[in-house]
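The values are calculated or read from the model by the stated rules, or taken from the named source; none is laboratory data. Source: prediction; values computed, not measured. With ideal geometry, Cβ positions are generated from the backbone for all residues, glycine too; neighbour counts draw on all protein chains shown. Note: areas computed on protein heavy atoms with side chains; ligands, DNA, RNA excluded. Shrake-Rupley method; radii C 1.70, N 1.55, O 1.52, S 1.80 Å.
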Amino acid sequence: MASLEELREKLDEIDDKMVRLYEERMDVCGQIGSYKIENGRKVLDRQREKEKLQSVALKVSSDFDKKGVQELYEQLMSMSRKLQYRQLVEAGALGRLPFVEVTSLDAENARIVFPGTEGAFSQAATKDYFGENCSSFHVRTFREAMEAIEDGAADYAVLPIENSTAGSVDEMYDLLVEFENYIVGETIIPVVHTLAAVPGAHFSDIERVYSKGVALMQASRFLGKHSDWQQISVTNTAIAASKIKDDNDLSQAAVCSAEAAKLNGLEILEENINDDETNCTRFIVVTNQKIFLKNASKISICLELAHESGSLYRLLSHFIYNDLNMTRIESRPIKGRDWEYRFFIDFEGNMAEPAVKNAIRGLREESRNMRILGNY
């Protein structure tokens, strides 16, 4: 029997041949790419790839090798497509992306909408991004804020999309699909909750606590120590504070910001009731214009995939091949299609970069209903 060193030498010889053959194969694929560009042919030919996988599987004997050779050829064909997508982009076949580059947002003349009321964390995020003196107004819900943008009542909306403790704001992902609005910025602010009540109230008086559901979750350890309190969800933490003021009921309290408590004339019974001292929320800035800032460095997209094995794996390879760092992936169910999901992906990059154009070309070709949600 041959020694380990001799067997490894034999493997090296085979690998050398495979590398040379790989280069030869990719050269032919490049010629095919040129032909497709000249003749207006699509890169992805699903039927051809299906037939190829069936053909190579018949050329090996064991079931283990059948699976292995099919996986190998799936990768080879994937690399061939990526080469041809690059050729298409270099030839200008991608066309201009329907987004206009701008140097800055016109914050001075803009009307900004945020959900909640005075003292809401979304108002704090609005001021953090657009400045203390920005022209802003509030609506009750996320949907109303998106509608204000769509109707032209506001130029921008500031909306929460992710909390470091409670996770994603699922409703926002669904609204980004429903409305033709686009992300142009983001800001992250610390979220510190207090327990506030009308002047004169004491812990022994409290029976009901009002706040937004995620805020109640973010203060669950503190609230858990008072299991006799009924927890009631409302649309916003600042709206909870406003309700406590209007009801003027000693038995009610709100989980809200110190600013909301102050604006509504409430007394703070307990400060810093967060479970996590570093609790913060990421807010997105949304508009109905297809624009992106020149220095934008993050892209958000959503896409649907074929409901079959390996579809997500194949799509994610476009980020790897183009050296793009994917920072987040989220899934949401697709209405009317049980157990099928829409994926939301954030990755680093700017739409003017060739690597981003290459990836977008491949993602569009190989997914269903791919949409760019914004570059910011």
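The number of residues in the range 280-333 that are more than 16 Å from residue 183 (Cα to Cα), basic (Lys, Arg) and within 14 Å of the chain's Cα centre (by Cα) comes to 1. Of everything in the range 85-130 that's outside any helix (DSSP H, G or I), charged (D, E, K, R) and out of contact with any Leu (no Cβ under 7 Å at 6 or more places or on another chain), which residue is modelled with the lowest pLDDT? For the range 85-130, the residue satisfying everything is 96.
Inside the range 124-143, can you point out the residues that are out of contact with any Ser or Thr (no Cβ under 7 Å at 6 or more places or on another chain) and surrounded by 15 or more Cβ atoms within 10 Å (Cβ to Cβ)? Full working, then the answer.
In the first step, residues of the range 124-143 are kept if they are out of contact with any Ser or Thr (no Cβ under 7 Å at 6 or more places or on another chain); the result is 124, 127, 130-133, 135, 137, 139, 142-143.
Hits for the range 124-143 are 124, 127, 130, 139, 142, 143.
For residue 246, the conditions (1) more than 22 Å from residue 216 (Cβ to Cβ); (2) open to solvent by 30 Å² or more (accessible area, probe 1.4 Å); (3) free of Cβ contacts under 8 Å to residues at least 40 places away in the same chain all hold with the exception of (1). What residue, among those in the range 329-340 that are free of Cβ contacts under 8 Å to residues at least 24 places away in the same chain and assigned to a strand (DSSP E or B), is surrounded by the most Cβ atoms within 10 Å (Cβ to Cβ)? Looking at residues that are free of Cβ contacts under 8 Å to residues at least 24 places away in the same chain and assigned to a strand (DSSP E or B), I get 331. A single member of 319, 343 is modelled with pLDDT of 95 or more, in a helix (DSSP H, G or I) and open to solvent by less than 50 Å² (accessible area, probe 1.4 Å), and it is 319.
Looking for something of a type in the set (Ser, Thr, Tyr), out of contact with any Cys (no Cβ under 9 Å at 6 or more places or on another chain), modelled with pLDDT of 95 or more and surrounded by fewer than 19 Cβ atoms within 10 Å (Cβ to Cβ) - is there at least one such residue anywhere in the range 269-286? Let's see the steps before the verdict.
Kept after step one, since they are of a type in the set (Ser, Thr, Tyr), are these residues of the range 269-286: 278, 281.
Then keep just the ones that are out of contact with any Cys (no Cβ under 9 Å at 6 or more places or on another chain); that gives 278, 281.
Now narrow it down to the ones that are modelled with pLDDT of 95 or more: 281.
Then keep just the ones that are surrounded by fewer than 19 Cβ atoms within 10 Å (Cβ to Cβ); that gives none.
Checked against the condition, which is being of a type in the set (Ser, Thr, Tyr), out of contact with any Cys (no Cβ under 9 Å at 6 or more places or on another chain), modelled with pLDDT of 95 or more and surrounded by fewer than 19 Cβ atoms within 10 Å (Cβ to Cβ), the range 269-286 yields no hits at all.
Residue by residue through the range 105-123, note down the ones that are polar (S, T, N, Q) and buried (at least 19 other Cβ atoms within 10 Å of the Cβ). Steps first, answer last, please.
Just the residues of the range 105-123 that are polar (S, T, N, Q), to begin with: 109, 117, 122-123.
117, 122, 123 - these are the residues of the range 105-123 that are polar (S, T, N, Q) and buried (at least 19 other Cβ atoms within 10 Å of the Cβ).
Between 255, 209, the distinction of being modelled with pLDDT of 95 or more, out of contact with any helix residue (DSSP H, G or I) (no Cβ under 6 Å at 6 or more places or on another chain) and buried (at least 17 other Cβ atoms within 10 Å of the Cβ) belongs to 209 only. Here is a check on your reading of the model: is residue 36 in contact (Cβ under 8 Å) with a residue 40 or more places away in the chain, more than 28 Å from the chain's Cα centre (by Cα) and not in a helix (DSSP H, G or I)? Spelling it out, it is not the case that residue 36 is in contact (Cβ under 8 Å) with a residue 40 or more places away in the chain, more than 28 Å from the chain's Cα centre (by Cα) and not in a helix (DSSP H, G or I).
Filter the range 51-85 down to residues that are of a type in the set (Lys, Arg) and open to solvent by 90 Å² or more (accessible area, probe 1.4 Å) and give me whichever is nearest to residue 27 (Cα to Cα).
The extreme case among them is 59.
Could you grab me the full set of residues in the range 353-364 that are farther than 21 Å from residue 185 by Cα and either open to solvent by 30 Å² or more (accessible area, probe 1.4 Å) or among the small types (Gly, Ala, Ser) (or both)?
Pass one, the range 353-364, residues farther than 21 Å from residue 185 by Cα: 354-355, 358-359, 361-364.
Hits for the range 353-364 are 354, 355, 359, 361, 362, 364.
One line per residue, one yes/no per condition, for (1) within 18 Å of residue 123 (Cα to Cα); (2) not in a loop (DSSP other than H, G, I, E, B):
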{"site": "143", "(1), (2)": "yes, yes"}
{"site": "149", "(1), (2)": "yes, yes"}
{"site": "153", "(1), (2)": "yes, no"}
{"site": "157", "(1), (2)": "yes, yes"}
{"site": "165", "(1), (2)": "no, no"}
{"site": "171", "(1), (2)": "no, yes"}
{"site": "174", "(1), (2)": "no, yes"}
{"site": "185", "(1), (2)": "yes, yes"}
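Only a single item in (1) open to solvent by 10 Å² or more (accessible area, probe 1.4 Å); (2) closer than 30 Å to residue 73 by Cβ is not met by residue 293, and it is number (2). Scanning the range 1-33 for residues being in a helix (DSSP H, G or I), farther than 30 Å from residue 88 by Cβ and not aliphatic (A, V, I, L, M) gives a total of 10.
Going through (1) open to solvent by less than 30 Å² (accessible area, probe 1.4 Å); (2) modelled with pLDDT under 95; (3) touching a strand residue (DSSP E or B) at 6+ places or on another chain (Cβ under 9 Å) one by one, residue 197 falls short only on (2).
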